[in-house]
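This report refers to the structure that appears directly beneath it.
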Amino acid sequence: MTRFAEPEVIACPHCAARYLRVVLLSFNTMMQKTFSDGGSVNGLQDTLCNVARCPNCEAVIKDILSLDLVEQPLKRRFWEKLVGKEPEYSYLPKPSFDVYLELFENDTQSDLRFNWALKALQVFNQTYRMYGNEQEADAALKQQYHRVCQFILHRYTDYSSDEMTLLCADIYRQVGDFQSSLHLYNKVDDRNLSHIVEPAKRWCEQGITSLMEIGGRSGQKQSRIQKRRL
Ligand SMILES: [Zn+2]
């Protein structure tokens, strides 16, 4: 079970507004879900977020986990917890696509740009392209998303690894280029990755372009739906 200690108080380096930062006592990954683009939810990364947009000044705050404490950890008395008295400050919101896009566009370091692009892609996919819960993004957002996709695909040969192959294969599948996607999936022969490759090839054959959960039941559900349609 994931347990939290009393939060720490940090300040926005741009405007000095104060926020809470979570402190973990213990963490487990039981609730973690992993997706076909390598992203996840309910993992340690999502719980301890290192970037956010400051709701007060709207600037992006980086390296949240290394910011100095501005107050000692809150010590709420037991009765305050009992009556649900909230701490004075709030937590920073989870970063949305625009936060990572801004970092991607402004960073000059090539490897960091790649990381921001990947995070932007994963957040976009989870927001708009989740299987069974797809949402229409507006045209400008879609254009930015495609720019991020192209940037990652162009870096394919710079990062030769099975993970990069799986990532690019998933991008091709999600834009509907199933031939390129299958071509890349067929290049991955590490048997330890067959739990990703095998269902992903089926999603290509079924023409599924959404973000899929790895090991989830959504693929099976989809085949049943498709069978009914036939
Ligand atoms: Zn601020």
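The values are calculated or read from the model by the stated rules, or taken from the named source; none is laboratory data. What you are looking at is a predicted structure, and each value in this text was computed from that prediction instead of being measured. Ideal geometry is used to build each Cβ from the backbone, glycine not excepted, and the neighbour counts take in all protein chains shown.
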**Request:** Inspect all residues belonging to region 187-199 and state whether any of them is crowded, with 18+ Cβ neighbours inside 10 Å and either of a type in the set (Asp, Glu) or over 24 Å from Phe114 (Cβ atoms) (or both).
**Result:** yes
**Request:** Give region 88-131 a look and list any residue that's small (Gly, Ala, Ser) and part of a helix (DSSP H, G or I), or say none.
**Result:** Ser110, Ala117, Ala120
**Prompt:** Name the residues in region 1-27 that are over 24 Å from the mean Cα position of the chain (by Cα), within 16 Å of the ligand (Cβ to nearest atom) and assigned to a strand (DSSP E or B), would you?
**Reply:** Val9, Ala11, Arg18
**Request:** State all residues of region 89-139 that are loosely packed, with under 14 Cβ neighbours inside 10 Å and either assigned by TED's automatic domain parsing to the domain that holds Ala52 or closer than 15 Å to Val60 by Cα (or both); if no residue qualifies, say none.
**Result:** Tyr91, Pro93, Lys94, Asn106
**Prompt:** Across region 35-75, what is the total count of residues that are within 16 Å of the ligand (Cβ to nearest atom) and outside any loop (DSSP other than H, G, I, E, B)?
**Reply:** 5
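Given Arg202, Arg229, which one is surrounded by fewer than 18 Cβ atoms within 10 Å (Cβ to Cβ), under 21 Å from Glu134 (Cα atoms), of a type outside the set (Phe, Trp, Tyr) and at pLDDT below 95?
Details: Arg202 fails: at pLDDT below 95.
None of the others qualify; the one that does is Arg229.
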